[in-house]
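Worksheet: the structure to be examined is printed underneath.
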Amino acid sequence: MSRTVIVGGVAAGASCAARLRRLKEEEEIILLERGEYISYANCGLPYHVGDVIKEREALLVTKKEMMQRRFRIDVRNNSEVVSIDREEKKVHVVEKGGEAYDLSYDHLVLATGSSPLKPRIPGMDSHRVKTLWTVPDTDEIKREINENRVERVAVVGGGFIGLEMAENLHALGMEVSIIEASNQVMAPIDYEMSLILNEEMSANGVDLVLGDGVTSFVEIDGGIDVKLASGRVITADLVILAFGVRPNSQLALDAGLKCNERGGIIVDSHMRTDDPSIYAAGDVIEVEDLIFGDQTMVPLAGPANKQGRIVADNIAGREECYKGTQGSFIAKIFGLTVASTGVNEKTLGRKGLIKDKDYKVILISQNSHAGYYPGATPLFLKLIFSMDGNKIYGAQIVGKEGVDKRIDTLGTAIRLGASVYDLKDLEFAYAPPYSSAKDPVNMAGYVAENVLSGNVTFAEWDALDQESHATILDVREDQELKMFSFEDAIHIPLGQLRARLEELDRDTEYIIFCAIGVRAYNAYRILYQHGFRKIKIYPSGTRFYTVTHKDKNRKTQLKACKF
């Protein structure tokens, strides 16, 4: 009988253990976890802090006793593996009480996960500065809130955990500031899409501080001062650090296993390390990016669980391969949902790729379901694809409803190698409460096809923030101008355009606006077929412009803009 020792009992480790038992009934499986709990819902921790998930027990998805009873797995919690003897095929284990022993293995699985980044900032050892990563972290934060009457919270970091914590603490009635050193929150999406999130958080009373890093934490009477590089000071009762995570790979490094410069354990497609007896999975490993085949690190629960299963298959002799990660994610940010799959424009830029030379982008706005059925809400969808349309590089969506099924569809399309042309041919289940006869994903395919075939050209989303010589042509109806209008724009409703062509100059550059882009496209086709060539459409119309330009005057003074 062979023995498999699994180090780490949360996502990848627990998944591996359960799968391996289903495949090998006689295998001796020992699961070692240095913490108190195995297989807990770490993605649910912010929602327990905010009392959305009221029962702490709900976070404990699979308890030690159930794992032992149902899967006959020897679960040893509070047991830390401190070293690996690869030659003798043994690990050295130290229990919480101090007892230590060696444990031999035939197969070793490293599923040690990741830990919060903690930059060396003066004052960060204060009891008022916390991180959120484990169930005990959650207990500590809730205890601090309940015992010390926390009213003001500073969240440092604008990623998943930071934004989810901000929402949940705000829901408890606290004043919340988010401090992010870069110029945007939610790094996996592009800047213009993050502006929609900024507006949502501001509308909910969150103080959003961008482009300003923390230099120190200073305890004061009854609170803590968060000092920023700009000189600004934010006073809080509690600070949540959410800088991101790093792989827990010191065990592997000490054992001489190959790791990348960020500490990620290097594995092959079978999840084997450079030691054939040792596998690794989850946040601790380097993975292959599905889009370009580059090596990267993607600390997400979905891939970790899949990797753990693949490790079990290979230990059982099934020779399964991990086919790469595309980084699909989704998050709730107050009343909005944000999601992404594949790569963003920032990544393409770092690779030296240039928009309109190496790739194309469309940005469309559609409703979550048929507009005539009550409750339809806007979706903003960004699609990035190759110049020939045969490869989809990535997609990002922000909206209130229907984001999940669209991003999953696009993620599946990327995984299966679909082209943008395939998107228009996808057949979706349709009824007015759920979608439109042309689903937003279909519409993305149609628009991409129009761009590639030369039927339409789009302006940049920030065109009006620059200076050039283009004139705004607004084809909305008269009554729509009462809600928002551009000063000095030419206003010709779409239905009057053919009759008023003489009011326009074929040598003038025009950016065409409507509410979401549909009427602007129709106007573009009319103008193009009447000899106008210096024309572009503003992507997603005034719906997108007004959300992303809240700092501009309602009556913009911009007549000239970049073309």
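Hey, does region 203-214 have a residue that's over 28 Å from L300 (Cβ atoms) and assigned to a helix (DSSP H, G or I)? For region 203-214, residues over 28 Å from L300 (Cβ atoms) and assigned to a helix (DSSP H, G or I): present. Of the residues making up region 309-361, those that are under 18 Å from D289 (Cα atoms) and assigned to a helix (DSSP H, G or I) are I310, E345, K346, T347, L348, G349, R350. Evaluated against (1) in contact (Cβ under 8 Å) with a residue 60 or more places away in the chain; (2) surrounded by fewer than 21 Cβ atoms within 10 Å (Cβ to Cβ); (3) touching a Ser or Thr at 6+ places or on another chain (Cβ under 6 Å), Q396 falls short on exactly one condition, (2).
Looking across V214, V185, one residue alone is crowded, with 21+ Cβ neighbours inside 10 Å, over 21 Å from the mean Cα position of the chain (by Cα) and not aromatic (F, W, Y). It is V214. Comparison of V81, V150 shows that the only residue that is farther than 27 Å from R309 by Cα, in contact with a Leu (Cβ under 6 Å, 6 or more places away or on another chain), touching a residue at least 40 places away in the same chain (Cβ under 8 Å) and among the aliphatic types (A, V, I, L, M) is V150. Within region 158-174, restricting attention to residues that are among the aliphatic types (A, V, I, L, M) and in a helix (DSSP H, G or I), which residue is surrounded by the fewest Cβ atoms within 10 Å (Cβ to Cβ)? It comes out as A171.
If you filter region 472-486 down to residues that are out of contact with any strand residue (DSSP E or B) (no Cβ under 6 Å at 6 or more places or on another chain) and surrounded by 12 or more Cβ atoms within 10 Å (Cβ to Cβ), you find that the one that is nearest to L504 (Cα to Cα) is V475. Within region 294-308, being within 22 Å of L20 (Cα to Cα) and not in a helix (DSSP H, G or I) holds for one residue alone: L300.
Could you list, in sequence order, the residues of region 440-459 that are surrounded by fewer than 21 Cβ atoms within 10 Å (Cβ to Cβ) and either modelled with pLDDT under 95 or among the small types (G, A, S) (or both)? Residues satisfying the conditions are S453, G454. Checking each residue in region 427-478 for being out of contact with any Ser or Thr (no Cβ under 7 Å at 6 or more places or on another chain) and among the β-branched types (V, I, T) picks out V447, V451, V456, T457, I472, V475. Selection of first residues in region 187-203 that are within 14 Å of I384 (Cα to Cα) and in the same structural domain as H170 (by TED's automatic domain parsing) and of second residues that are among the hydroxyl-bearing types (S, T, Y) and not in a helix (DSSP H, G or I), restricted to Cβ pairs under 7 Å at least 6 apart or on distinct chains, gives the following pairs, ordered by first then second residue: P188/S340; I189/S340.
Consider only pairs whose beta carbons are under 6 Å apart and that are at least six residues apart or on different chains; among these, list those whose first residue lies in region 419-432 and is outside the structural domain of A395 (by TED's automatic domain parsing) and whose second residue is at pLDDT below 95. If the second residue must be at pLDDT below 95, no pairs are left.
For residues that are more than 21 Å from K382 (Cβ to Cβ) and part of a loop (DSSP other than H, G, I, E, B), scanning just region 528-551, find the one that is modelled with the lowest pLDDT. Once the filter is applied, the top-ranked residue is D551. Checking K391, K438 one by one, the residue that is free of Cβ contacts under 8 Å to residues at least 24 places away in the same chain and of a type in the set (K, R) is K438 and no other. As a summary of the residue check, A280 satisfies the conditions (1) closer than 30 Å to K400 by Cβ; (2) surrounded by 22 or more Cβ atoms within 10 Å (Cβ to Cβ) except for the one numbered (1). Report, by residue number, each residue of region 484-505 that is farther than 26 Å from Y191 by Cα and modelled with pLDDT under 95. Matches in region 484-505: E487, D488. Among the residues making up region 269-293, those that are in contact (Cβ under 8 Å) with a residue 40 or more places away in the chain, part of a loop (DSSP other than H, G, I, E, B) and under 18 Å from G394 (Cα atoms) are L290, I291, F292. Can you name the strands (runs of 3 or more DSSP E) wholly within region 35-154 that have at least 1 residues being more than 29 Å from the chain's Cα centre (by Cα) and either farther than 30 Å from N314 by Cα or of a type outside the set (V, I, T) (or both)? The strands (runs of 3 or more DSSP E) meeting that bar are 74-76, 79-85, 90-95, 100-104, 107-110. Does K24 fit the bill of being touching a helix residue (DSSP H, G or I) at 6+ places or on another chain (Cβ under 8 Å), of a type in the set (D, E, K, R), surrounded by 16 or more Cβ atoms within 10 Å (Cβ to Cβ) and at pLDDT 95 or above? Yes; evaluated as a whole, the condition is true for this residue. Of the candidates H530, H491, H469, H549, the single residue that is touching a Leu at 6+ places or on another chain (Cβ under 8 Å) and either surrounded by fewer than 17 Cβ atoms within 10 Å (Cβ to Cβ) or under 30 Å from A418 (Cα atoms) (or both) is H530.
Tell me whether region 233-252 contains one or more residues that are without any contact (Cβ under 8 Å) to a residue 24 or more places away in the chain, out of contact with any strand residue (DSSP E or B) (no Cβ under 6 Å at 6 or more places or on another chain) and in the same structural domain as N42 (by TED's automatic domain parsing). Yes, because at least one residue in region 233-252 is without any contact (Cβ under 8 Å) to a residue 24 or more places away in the chain, out of contact with any strand residue (DSSP E or B) (no Cβ under 6 Å at 6 or more places or on another chain) and in the same structural domain as N42 (by TED's automatic domain parsing). Go through the residues of region 217-227 one by one and say whether even a single one is in a loop (DSSP other than H, G, I, E, B), outside the structural domain of H48 (by TED's automatic domain parsing), at positive phi and at pLDDT below 95. Scanning region 217-227 turns up at least one residue that is in a loop (DSSP other than H, G, I, E, B), outside the structural domain of H48 (by TED's automatic domain parsing), at positive phi and at pLDDT below 95.
Checked against the criterion of being buried (at least 23 other Cβ atoms within 10 Å of the Cβ) and either within 22 Å of the chain's Cα centre (by Cα) or not aromatic (F, W, Y) (or both), the candidates F380, F334 yield just one match: F380.
Would you confirm, using the coordinates I've provided, whether G389 is small (G, A, S), within 21 Å of L416 (Cα to Cα) and in contact with a Ser or Thr (Cβ under 7 Å, 6 or more places away or on another chain)? Criteria met by G389.
The values are calculated or read from the model by the stated rules, or taken from the named source; none is laboratory data. Predicted model, so just to flag it, every value in this text is computed and none were measured. Please note: Cβ atoms are built from the backbone with ideal geometry, for glycine as well, and neighbour counts cover all protein chains shown.
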